[in-house]
Amino acid sequence: MKLPVSIYPDPVLRLRAEPIGEFGPEMQQLVTDMVETMYEDDGVGLAAPQVGKGLRLITVDPTGPKERKGLMVLVNPEIMEREGEVESEEGCLSVPDFKCAIRRSHRIRVRALDRDGAPVEFEALDYQAVIIQHEVDHLNGVLILDHASRLKRGIYDKKVRKLQRQREKGES
């Protein structure tokens with residue numbers, strides 16, 4: 001089932017997610033729903049806080065959303081090593097109509113659990129590394145807005161406040 005994506009400034013996006021210790025049916029369903037949501041919204045990554053769940057769970061597919069050949073489910077991911085630097089323009093399902101250039105590590109070493117609780121450790125490079133770093137940021141309450149210049153963020157915040165006022169007037 002496709003889940004609603006939390007949109008900035010939803011407070012859930014600013015919370016530090018909690019580690020997952022149980023891999024039962026509820027967590028498996030959340031994984032399935034997150035993958036469906038990520039693909040239906042044309043994303044290449046999704047973190048549980050983006051769907052209102054304060055859990056350390058991410059889905060990543062650098063081939064998505066069209067090919068769907070590289071799906072990874074990472075539970076309690078940790079970035080163990082970082083190397084190099086790459087700059088790329090990023091967008092985010094939770095921060096619509098906003099993009100900014102962000103510098104991230106070119107190579108990372110990741111340790112996590114898979115959806116069944118088995119340990120995994122691997123190296124990610126370039127685009128895959130950028131996606132994982134972006135999603136791990138979400139688990140720590142960090143958004144792409146936090147990487148933007150003060151001016152660019154201020155303009156976006158003003159736009160969001162204006163949209164909120166318009167919605168409030170429309171609901172009255």
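A compact table of results
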read-out: Condition met for A112 (assigned to a strand (DSSP E or B), in contact with a helix residue (DSSP H, G or I) (Cβ under 8 Å, 6 or more places away or on another chain) and over 26 Å from G154 (Cα atoms)); value: no
read-out: Only listed residue being assigned to a loop (DSSP other than H, G, I, E, B) and either within 19 Å of L13 (Cβ to Cβ) or within 13 Å of the chain's Cα centre (by Cα) (or both), chosen from G43, G64; value: G43
read-out: Exclusive hit being among the aliphatic types (A, V, I, L, M), within 17 Å of D61 (Cα to Cα) and free of Cβ contacts under 8 Å to residues at least 60 places away in the same chain, set A118, A101, A112; value: A112
read-out: Qualifying residues in the stretch 6-27 (those that are touching a Pro at 6+ places or on another chain (Cβ under 8 Å) and of a type outside the set (S, T, Y)) - the one surrounded by the fewest Cβ atoms within 10 Å (Cβ to Cβ); value: L15
read-out: Tally, over the stretch 13-66, of residues that are touching a Phe, Trp or Tyr at 6+ places or on another chain (Cβ under 6 Å) and among the hydroxyl-bearing types (S, T, Y); value: 0
read-out: Every residue from the stretch 111-164 that is of a type in the set (S, T, N, Q) and closer than 21 Å to L93 by Cβ; value: Q128, Q133, N140, Q164
read-out: Residue list for the stretch 46-61, filter: in a loop (DSSP other than H, G, I, E, B) and either polar (S, T, N, Q) or over 21 Å from P11 (Cα atoms) (or both); value: D61
read-out: Some residue of the stretch 90-103 being basic (K, R), under 17 Å from I144 (Cα atoms) and modelled with pLDDT of 95 or more; value: yes
read-out: Residues that are over 30 Å from Q29 (Cα atoms) and not in a loop (DSSP other than H, G, I, E, B), drawn from the stretch 72-97; value: E81, R82, E83, V86, E87, S88, E89
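Matching residues to (1) within 23 Å of P119 (Cβ to Cβ); (2) crowded, with 20+ Cβ neighbours inside 10 Å:
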position: Q29; (1), (2): yes, no
position: D41; (1), (2): no, no
position: A47; (1), (2): yes, yes
position: T59; (1), (2): yes, yes
position: P65; (1), (2): no, no
position: V75; (1), (2): yes, yes
position: I79; (1), (2): yes, no
position: E83; (1), (2): yes, no
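The values are calculated or read from the model by the stated rules, or taken from the named source; none is laboratory data. Keep in mind that this is a model prediction, so the values were computed, not measured. Positions of Cβ are backbone-derived with ideal geometry, glycine not excepted, and every protein chain shown enters the neighbour counts.
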